[in-house]
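The next block holds one structure in the form of structure tokens; read it before the comments.
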Amino acid sequence: MWAIAPGCTAPLLRQWAVSQVKPRAILVVSPHWMTRGGVAVMATPNPDTWHDFGGFPEPLYQLQYPAAGAPACAQRALALIQEWAQMLGWAAQLDPGRPLDHGAWVPLRYMYPDAEVPVFQVSLPADASPADLMELGRCLRPLRDEGVLILATGSMTHNLIERDRPGFDLGYVAAFAGWVRQAIESGHVDAMLDWKHRAPGASRAHPSDDHFVPLFIAMGAAWPDEQPQWLSDEIQFEFLAMDAVAWGGQTSA
């Protein structure tokens, strides 16, 4: 629903995007493309806008994000992660036909509404630990020096069952999001890597971890050299924390 209910977070993401030098391409890691036993890299020249959801209002299915793909950047990303994947005993390969899932095009339609920047995705390896994902981020970091924006998407809290529980105490949403923010801003990597045991309300905030763990790829591409900039700490619908954080970037003149 965020695609048609921008709240406070969408304009803040747009504000950040226009303050930066326009990237050469955008690499997205989304919870809506997960692979087992390896990692895949989208090499689609002109990816379709995939409406990979059901039961939502019709206007959502009319939205399009006609960004070009970035096959050359995809090949470069694959080269950067192949050794990492091999060390884990995983495959790494190109996917020449993958469309853009909504974990990619929904935030991008706010950040770059004209779809003028080429976009490609790297799959989220379902078997990876948070430490593995941080290492994947470190592998991808050279792309940033080559003008590629690395965008990891998800949700700071993501328990959709809560929408059917009116009257339940939702204090854990702010508590969980606040703990993560403090850990990141304080540089407590060990605490973040053990978030399931240390963060308050972790199991309720994320019954499955797919919408949280892309964050570790962004962290790996930035830490320890760069300080985080918190862009938003909005809570939508009482149970969805929509925090957005950026590391680095190059401010435009």
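The values are calculated or read from the model by the stated rules, or taken from the named source; none is laboratory data. All of these numbers come straight from a predicted model, not from anything done at the bench. When we count neighbours, we look across all protein chains shown, and the Cβ atoms used for this are built from the backbone with ideal geometry, even at glycine.
If you check A152, A174 for being surrounded by fewer than 21 Cβ atoms within 10 Å (Cβ to Cβ), aliphatic (A, V, I, L, M) and within 29 Å of I235 (Cβ to Cβ), only one passes: A174. Meeting the requirement of 3 or more residues that are among the hydrophobic types (A, V, I, L, M, F, W, C), touching a residue at least 12 places away in the same chain (Cβ under 8 Å) and in contact with a strand residue (DSSP E or B) (Cβ under 9 Å, 6 or more places away or on another chain), the helices (runs of 4 or more DSSP H) wholly within the range 182-253 are 214-220. Of all residues in the range 39-62, which are surrounded by fewer than 16 Cβ atoms within 10 Å (Cβ to Cβ) and in contact with a strand residue (DSSP E or B) (Cβ under 8 Å, 6 or more places away or on another chain)? Answer for the range 39-62, where residues must be surrounded by fewer than 16 Cβ atoms within 10 Å (Cβ to Cβ) and in contact with a strand residue (DSSP E or B) (Cβ under 8 Å, 6 or more places away or on another chain): just D48.
Quick one: S30 ticks every box in (1) more than 18 Å from the chain's Cα centre (by Cα); (2) polar (S, T, N, Q); (3) surrounded by 22 or more Cβ atoms within 10 Å (Cβ to Cβ) bar one, so which box is it? Of (1) more than 18 Å from the chain's Cα centre (by Cα); (2) polar (S, T, N, Q); (3) surrounded by 22 or more Cβ atoms within 10 Å (Cβ to Cβ), only one is false for S30: (1). The set of residues in the range 134-186 that are among the polar types (S, T, N, Q) and under 15 Å from the mean Cα position of the chain (by Cα) comprises T153, S155, T157.
Let me confirm something: among R14, R24, which residue is under 25 Å from S123 (Cβ atoms) and either hydroxyl-bearing (S, T, Y) or surrounded by fewer than 20 Cβ atoms within 10 Å (Cβ to Cβ) (or both)? Result of the check over R14, R24: R24.
Residue by residue, here is whether (1) over 14 Å from the mean Cα position of the chain (by Cα); (2) at pLDDT below 95; (3) of a type outside the set (S, T, N, Q) holds:
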residue: A199; (1), (2), (3): yes, no, yes
residue: F216; (1), (2), (3): no, no, yes
residue: D225; (1), (2), (3): yes, yes, yes
residue: D233; (1), (2), (3): yes, no, yes
residue: Q250; (1), (2), (3): yes, yes, no
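Whether a residue is among the hydrophobic types (A, V, I, L, M, F, W, C), farther than 25 Å from S232 by Cα and assigned to a helix (DSSP H, G or I) was assessed, and A68 does not pass this test. When T153 is tested against (1) free of Cβ contacts under 8 Å to residues at least 40 places away in the same chain; (2) in contact with a Gly (Cβ under 6 Å, 6 or more places away or on another chain); (3) not hydrophobic (A, V, I, L, M, F, W, C), only condition (1) is not met.
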